[in-house]
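Here is the structure we will look at, set down as structure tokens.
The values are calculated or read from the model by the stated rules, or taken from the named source; none is laboratory data. Please read these numbers as outputs of a predicted model, since none were measured by experiment. Neighbour counts run over all protein chains shown; Cβ positions are idealised from the backbone, glycine included.
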């Protein structure tokens, strides 16, 4: 369980996770195709990443494509995959120069080889950075992540590397995609939807949540700052009661 010795959060969140929702509706409201909104949303990511250091955010995790998003039209899915490839190529140099470390979480098996190659390249090129740690959830689902982690854990038990009696709630996180990251302090969902959509199910057990009406392409660094300040005023008891 996360530890907060003072119970009251006296500063902003160190790890913010964002469900970037509303790109398609933003585009449709302007009479444009949904992919137009996704391109606008990708541009918004840069502003948010650049704002993190001044807000004290060390870790930023963004939900780019879920395991359920394959159900969208073939045109939209193909357009998104192309966008991801172009984003990596376009932003790699800027991210590396800005001290951002990039990681990807999710199941890469279904992704095309060129995209996976670019993902590996960006992770390698930024591996030595320790500014903002940007994690991009791509073909990611919380239930899928837990299932994959459980398979790896079960394999270690079967092969004698782990005893069944030693498995507890501290064990499974070591097998998750996010095993090197702290749990998110604050999870934000844009676009007015009030659900978590299979995002970081295990990791967000004690996270604070903010559901905002702003569509992702309109979400600004100023709004992020307001949400961080609101977080700083919350009392986080983690199941305990005030002294």
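Just a few scattered comments:
- Test result for residue 186, under 22 Å from the mean Cα position of the chain (by Cα) and in contact (Cβ under 8 Å) with a residue 40 or more places away in the chain: yes
- Taking the numbered list (1) under 28 Å from residue 173 (Cβ atoms); (2) at pLDDT 95 or above; (3) assigned to a loop (DSSP other than H, G, I, E, B) in turn, residue 17 passes all entries but (3).
- Taking (1) more than 16 Å from the chain's Cα centre (by Cα); (2) farther than 21 Å from residue 199 by Cα in turn, residue 100 satisfies each apart from (1).
- Any hit, the stretch 232-240, residues being at pLDDT below 95, part of a helix (DSSP H, G or I) and out of contact with any strand residue (DSSP E or B) (no Cβ under 7 Å at 6 or more places or on another chain): yes
- Matching entry among 141, 79, 131 (being under 17 Å from the mean Cα position of the chain (by Cα), surrounded by fewer than 19 Cβ atoms within 10 Å (Cβ to Cβ) and at negative phi): 131
- Meets criteria (touching a residue at least 12 places away in the same chain (Cβ under 8 Å), in a helix (DSSP H, G or I) and closer than 30 Å to residue 13 by Cα) for residue 129: no
- Picking from residues in the stretch 147-191 that are in contact with a helix residue (DSSP H, G or I) (Cβ under 9 Å, 6 or more places away or on another chain) and under 16 Å from residue 209 (Cα atoms), the one that is surrounded by the most Cβ atoms within 10 Å (Cβ to Cβ) is 188.
- Test set (1) assigned to a helix (DSSP H, G or I); (2) touching a residue at least 12 places away in the same chain (Cβ under 8 Å) - residue 214 fails condition number: (1)
- Close Cβ contacts (under 8 Å, 6 or more residues apart or on different chains) running from residues in the stretch 43-72 that are on the phi < 0 side of the Ramachandran plot to residues that are surrounded by 18 or more Cβ atoms within 10 Å (Cβ to Cβ) and modelled with pLDDT under 95 comprise 55/12; 57/12.
- Checking each residue in the stretch 83-111 for being exposed (fewer than 13 other Cβ atoms within 10 Å of the Cβ) and more than 26 Å from residue 52 (Cα to Cα) picks out 109, 110.
- Failed item, numbered, when residue 225 is tested on (1) assigned to a helix (DSSP H, G or I); (2) within 28 Å of residue 11 (Cβ to Cβ); (3) touching a strand residue (DSSP E or B) at 6+ places or on another chain (Cβ under 9 Å): (3)
- The lone exception for residue 117 - which of (1) over 19 Å from residue 42 (Cα atoms); (2) under 19 Å from the mean Cα position of the chain (by Cα); (3) assigned to a helix (DSSP H, G or I) it fails: (2)
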